[in-house]
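Report on one structure; see the data block that follows.
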Amino acid sequence: MEKSRFVVFRWMEHLLVLGMAIMCLLVFWNVVLRYGLRSGIPISVEISRLIFVWIIMLGSVVALREGLHISVDAMINRLSPRLRVVSLWVAHLLMLWCCWLVFQGSLRQTQVNWGNHMSLSGVSVGWMYAAGIVAAVCWALILIFNLYRSARGDHSQLQPNVMPAGESSP
């Protein structure tokens with residue numbers, strides 16, 4: 001199935017664009033108001049920070065799905081196809097372990113900070129850490145899906161994206 005057919009990831013991309021637009025508008029208008037009128041939007045810093053954290057986490061999910069994460073494959077490309085698949089399986093299993101660690105840490109921080117509120121906006125600080133929970137679950141699902149496809153003989157998801165010579169990244 002093509003990557004673009006998953007509606008969830010298309011919605012995530014739309015949320016990323018919306019979040020970037022809101023964050024940019026908040027910061028821009030806050031700067032204009034502070035320097036132009038010597039006032040500002042008090043909650044803009046907190047809300048922008050919250051949106052930024054969610055953009056980073058959701059953006060990393062989309063990047064993992066599209067295979068746009070950083071991959072150093074100089075050594076892997078020298079391996080035989082069978083060893084390449086084995087090493088990429090090991091890498092995916094290690095990434096699943098990291099997903100578990102991020103999930104556990106984010107869950108604990110969300111629980112601890114849910115009762116704490118940002119001073120100006122009143123939004124729970126737990127929402128900041130909840131982004132890690134959502135991202136870790138999404139990362140794990142993507143990795144498990146990649147491993148499932150590999151177990152069925154389709155190793156394309158485990159191979160890093162190779163850009164043809166002369167092309168630049170989007």
*State yes or no: is residue 65 under 28 Å from residue 22 (Cα atoms), open to solvent by 40 Å² or more (accessible area, probe 1.4 Å), within 18 Å of the chain's Cα centre (by Cα) and of a type in the set (Lys, Arg)?*
no
_Among the numbered criteria (1) at pLDDT below 90; (2) of a type in the set (Asp, Glu); (3) not in a loop (DSSP other than H, G, I, E, B), which one does residue 46 miss?_
(1)
*Name the one entry in 15, 37 that is free of Cβ contacts under 8 Å to residues at least 40 places away in the same chain, among the aliphatic types (A, V, I, L, M) and either open to solvent by 80 Å² or more (accessible area, probe 1.4 Å) or within 24 Å of residue 124 (Cα to Cα) (or both).*
37
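The values are calculated or read from the model by the stated rules, or taken from the named source; none is laboratory data. Model, not experiment: these values are computed from the prediction. Note: ideal-geometry Cβ built from the backbone for every residue, glycine included; neighbour counts use all protein chains shown. With ligands, DNA and RNA removed, areas are computed over all heavy atoms of the protein, side chains included. Shrake-Rupley method; radii C 1.70, N 1.55, O 1.52, S 1.80 Å.
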